[in-house]
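First up is the structure itself, then whatever we jot down about it.
Here, each number is a calculation from the coordinates, and none is a lab measurement. Note that the structure is predicted; figures quoted are calculated from it, not measured. Here the Cβ positions follow ideal geometry from the backbone for every residue, glycine too, while neighbour counts run over all protein chains shown.
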């Protein structure tokens, strides 16, 4: 359909207009989305004026993290050793533990940050990721989220502020957006602020669903990654590159990190269920098969979730 402009690449030729329903909560409200024929980005045509009703108090990102009140120092030492080893530092205990445990934070690569690095999590919600990092040895942790009720200052030093990214002035070594970027109505503005806030040798990690994936082509409107209307943009590598072209940032690497949920939740939607419906409708064999398929799709670059590592 000509005349419908992509908000990312400005293409107006051959774009499709599709209707998507709110499925996660079972509301069934309908929304128009554009599928760009050029950059392949799927994007909401108009942001609803009443987005608050699609983020109820029980929405998962706002769940308060519950950790034991007392820190088990032995477990803390072991986890910190494991992470230290995976970050590329010499640690005999961490080396031995790596034979048993995978990297708890695979989006932290070797030799990029230390436990003293200044870290900002954008769209952090109640701060689950930051609190987990704190309990793993990281010291300088800040989060922002404009949708929380107010600032949250934890006794352990983790700070979460009710702020938009445009209101942040400090610079950071490591900036993460864990499935928050797709919820932002102006991604071009966001990447410009990310560039402004990132230290010269810093790293940005953006984890998002991606549109050019097997699950989108298999499930169409039932693909869980669409999540209308909360996901304003479902990007592709090409659309992210276009956004970065107007900044001093570039994609250093893309790692696909999807799992079996792309199948489990999409299958629920096809059957008229909501996301929180129990998984016992699937057999153990089905779940194992979906897990193997997800791993294969990640290896071939067709998983429905990806982690973008971005640098200056």
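How do the peptides 38-51, 271-284 rank, highest first, by the average count of neighbouring beta carbon atoms within 10 Å per residue?
Highest mean packing first, the order is 38-51, 271-284.
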Under a Gaussian network model of the chain whose springs join Cα atoms within less than 10 Å, the largest fluctuation of 53, 110, 79 belongs to 53
Here the relative contact order (percent) of the chain, from C-alpha pairs under 8 Å and at least 6 apart, is 18 percent
Taking Cα pairs closer than 8 Å and at least 6 residues apart, the relative contact order of segment 51-184 in percent is 22 percent
Two pseudo-spin positions, 7 Å from Cα along C-beta at residue 98 and at residue 279, lie apart in nanometres by 2.8 nm
Expected sort for 73, 216, 107 with the fewest Cβ neighbours (10 Å cutoff) up front is 73, 107, 216
Burial-style ranking of 243-249, 82-88, 206-212, average other-beta-carbon count within 10 Å with highest first, yields 206-212, 82-88, 243-249
Contour minus Cα-Cα span, residue 250 to residue 309, at 0.36 nm per residue, comes to 20.4 nm
Proxy exposure order for 112, 241 (fewest C-beta within 10 Å first) is 241, 112
Under the rule rounded for a/c under 1.5, else prolate if a/b exceeds b/c, else oblate, using alpha carbon gyration tensor axes a ≥ b ≥ c, segment 51-184 is classed as prolate
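Taking R0 as 22 Å, what's the FRET efficiency between residue 78 and residue 139 from their Cβ-Cβ distance, rounded to 0.05?
Using R0 = 22 Å, I get an efficiency of 0.75.
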